[in-house]
Amino acid sequence: MVELDNQKEAPLPSDYNEDSDDSDNTQLSDESDFEDSSADNDSDSSSGSSDSDSKSELEDGPPAQDNSGGDSEEAESQDEDDVKSEGGSEGSDLHQEGGGAESDSSEDEVAPRNTIGEVPLKWYEDEPHIGYDIKGKKIKKKEKEDKLGSFLANVDDSKNWRKIYDEYNDEVVELTKDEIKIVRKLMKNQAPHTDFDPYPTYVDWFKWDDAKHPLSNAPEPKRRFIPSKWEAKKVVQYVRAIRNGSITFDKPKEEDDSYLLWEDDSGLTEKANHLAYVPAPKQKLPGHDESYNPPLEYIPTQEEINSYQLMYEEDRPKFIPKRFTSMRSIPAYENAMKESFERCLDLYLCPRVRRKRLNIDPESLKPKLPNKKELKPYPISCYIEYKGHEGAVTSISVEASGQWMASGSSDGTVRVWEVETGRCLRRWEIGEAVNCVTWNPLPGIHILAVSMGQDVLLLNTGLGDEEEQQRIKELLLVDSPKASDETGKKAPSVTWLKDDNHDGIRLRHLKTVTSVEWHRKGDYFSTVMPADILFKSVLIHQLSKKLSQKLPFNLRGLAVRSTFHPSRSIFFICTKKTVRVYDLLKRKLIKKLDTGLKEASSIAVHPGGDNLIVGSKEGKLCWFDMDLSSKPYKTLKCHPKDINNVVFHRSYPLFASCSDDSTAYVFHGMVYSDLNQNPLIVPLEILRGHENSNGRGETSFCDIVN
């Protein structure tokens, strides 16, 4: 019983720590007083307990052997209690210094050591101590280190970035890794605890496994999936109120315009409410010599003033410093009225000065083009005339070597000419107006393709040596009439026939053929039949196998002309509105070029293959750079009538166009290898002298550039 009483009377350090943790800093002073009294009570109780123990031992006598173990244990526990009660204050200090390592809960944290109560910490700045401990003794401050020494010490310390100075406890605290993680999470506005889940799983409190009946059997109301009529009426009312002006919105507050006192605002874009805003001229900043009481060194002497009078007016100083005792003694400005008059005169005459007059030199509006002399050679005048056709010449074509030229006319004849002499070498009577004449591009195969009506003739010109003629005859050999159609239908699209009259091959089509174009290898050629949109009007023929096939593409327009790429397996089809580019190997559309013309009539591809020109029946010529855009790079309005054909030169940077107005335009068209530089297009010459036949020119232009 004595031990129990002693345990109740003597408070333990742990109890003090719990109380100190739950209390604020304002209660620390009261608790320290309480601890002092409790320490005295502990000492009294410990002495009383020792006396009672001695009395109980005398009264009871020696203990029995059976209870010796229990008594010894009780005595040891009593001794421990006495030790705890006697060293209560020391244990509490040690416990505070140790940081409460024995406790695992966050509530058992050690209270601050400097118990200063409600007194501000700055009151102790000039004092050698800071607060008091439990026994009432002053807690001395630590000696402050030299800043230079502390800086050098921190430089060598790799953990210096973890250390912070605690002003309240006057000590340096090193943060642990866990504390640094918590600080970083707080800086990112995240929960500091690692076990916190920002996205917890949703718990449906109205769903359970044994549910047999729903919470409500009521059907879904209409308002959940039908727009509210009441809200629509309200919106209409608000809209009408805003339109009528009954509901107004607050206008944003306009900031007061600041006036630049010494800065020149003539270049500012801000203007006043009136239209002719003229900013007032700004005065220069005043100097020391312009002060009403300047230093003595700025004031000139009488001799200097007299010398100013002898100077020229432009060399004389405009301002002479004067000294006044006060601001009140400064006289009025002499030139005030004069300057105000000049200012008013400037404002009066300002509209005449500010009027923007466009003094533009007409020559500056012309594009800067190179000199024509630098772009030679190009055709300037008529060199030779080829006479023999009775009707209008509708088409011409030059052989690959440039030695011979073929021409077709509306009189139903085809002629082969020698270019240099103008001598007619061969003549064929076709019996029908010729639409197109093209020469095979291979130098050793002198075959001429002629289109008239629904037929295409492949003629042997008879040029070349015996080996070349033998090869040409083998190519133009057809044993029996051969129908070619890749679709498998009964009605063939093209029929290959032997033409004994002209010693060649006749390809009979279903519609009228307007143009023929050869492939660069000389074995393939294409024909165009612009008859119907639904009818596949473009065919490709192979001369060696005597086969013809339709293109597996939907043209989406009426085809006008077609041509092959000069170096790749690409095929161009020109419709009335667009140019469609196809890859024959992959069998797909590569690009679609929008001409922007009413009706295109002809097409030609640059020898490089990346540029092309398109002529139209409205007299316009479009240049396309396929690497740049699908729109025309340049559109040239050159001819007043329809353009019949366009063509590029094979070696020179020239291209030309011919029209029904009996003229041919020659242009310089340079294409650069640098992709950052645009093509250079320069008009060079207009070739005239052709005769008209029924309002149309009698010749084409291919002989000009090829």
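The values are calculated or read from the model by the stated rules, or taken from the named source; none is laboratory data. Not measured: the values here are computed from a predicted model. Glycine gets a Cβ as well: all are built from the backbone with ideal geometry, and neighbour counts include every protein chain shown. When the accessible area is computed, the model is the full protein with side chains, heavy atoms only, and any ligands, DNA or RNA have been set aside. Shrake-Rupley method; radii C 1.70, N 1.55, O 1.52, S 1.80 Å.
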Subject >> Cross-link partners of LYS282 among lysines (Cα-Cα below 30 Å; sequence separation of 8 or more within a chain) >> reply: LYS253, LYS271, LYS318, LYS322, LYS338, LYS356
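When you count, for each residue, the other Cβ atoms within 10 Å and take the mean per peptide, how do 495-504, 571-580 rank with the highest first? Please list the in-between numbers first.
Working: 495-504: 15.5, 571-580: 21.1.
Top of the packing list down: 571-580, 495-504.
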**OP:** May I ask you to list the lysines whose Cα is less than 16 Å away from that of LYS592, ignoring any residue fewer than eight positions away on the same chain?
**Re:** LYS576, LYS577, LYS631
Original post:
Using mean Cβ contacts within 10 Å as the protection proxy, how do 548-556, 641-649 order, highest first?
Top reply: 641-649, 548-556
Original post:
How long is the gain from ARG323 to TYR238 if the chain were fully straight, where each residue apart is worth 0.36 nm and the alpha carbon distance is subtracted?
Top reply: 23.4 nm
Original post:
Put TYR238, TYR202 in order of accessible area, largest first, 1.4 Å probe: what do you get?
Top reply: TYR202, TYR238
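Given a cut-off of 31 Å, name the pairs among LYS545/LYS641; LYS372/LYS634; LYS372/LYS617; LYS368/LYS620 whose C-alpha atoms lie farther apart than that in the structure shown.
LYS545/LYS641
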**OP:** Would you mind computing Rg(Cα) / (2.2 N^0.38 Å) for the range 553-706, counting N as its residues?
**Re:** 1.02
Original post:
Based on the Cβ-Cβ distance of HIS129 and ALA153, what FRET efficiency does E = 1/(1 + (r/R0)^6) give at R0 = 30 Å, to the nearest 0.05?
Top reply: 0.70
